[in-house]
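Read the figures in this text as sums done on the coordinates, not as results from a lab. Quick caveat, the model's predicted, so the values are computed rather than measured. Virtual Cβ from ideal backbone geometry, glycine too; neighbours counted across all protein chains shown.
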């Protein structure tokens, strides 16, 4: 039995791919700086939990760059 092969056809060009990577890295930087500020000011955990959003945005941007989607 032959092993099935999947072909991934990118749906974005190199320019858009770099744009998504850059956005992901910016989100990551913002999230790290915000986390540092919130930790230094002893902000309650509930507020720090909101950092899930920029970290998620960073992950999505980098993932889209890597997977070319």
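Worth pointing out:
- Angle of helix 52-67 to the longest C-alpha principal axis of the chain, folded into 0 to 90 degrees and rounded to 10: 20°.
- Mean separation of Cα contacts under 8 Å (6+ apart) over length of the chain, as relative contact order %: 53
- In terms of other Cβ atoms within 10 Å, 37, 62 run from fewest to most in the order 37, 62.
- Placing pseudo-labels 7 Å out from each Cα toward the beta carbon at residue 51 and residue 66 gives an inter-label distance of 2.1 nm.
- When 43, 6 are sorted by how many other C-beta atoms sit within 10 angstrom of their C-beta, beginning with the fewest, the order is 6, 43.
- Values [x] 4, 20, 34, 27, 12, 2, 1; [y] 3, 17, 19, 15, 12, 10, 9, 6, 4, 2, 1, 1, 0; [z] 3, 14, 14, 15, 12, 9, 8, 6, 6, 6, 6, 1 are given for comparison; P(r) over Cα pairs in 5 Å bins from 0, in percent, derived from the coordinates here, is the one labelled [y].
- Springs join every pair of Cα atoms under 10 Å in this Gaussian network model of the chain, and among 57, 36, 24 the largest mean-square fluctuation is at 36.
- Axis of helix 14-40 versus longest Cα principal axis of the chain: the two differ by about 20°, to the nearest ten degrees.
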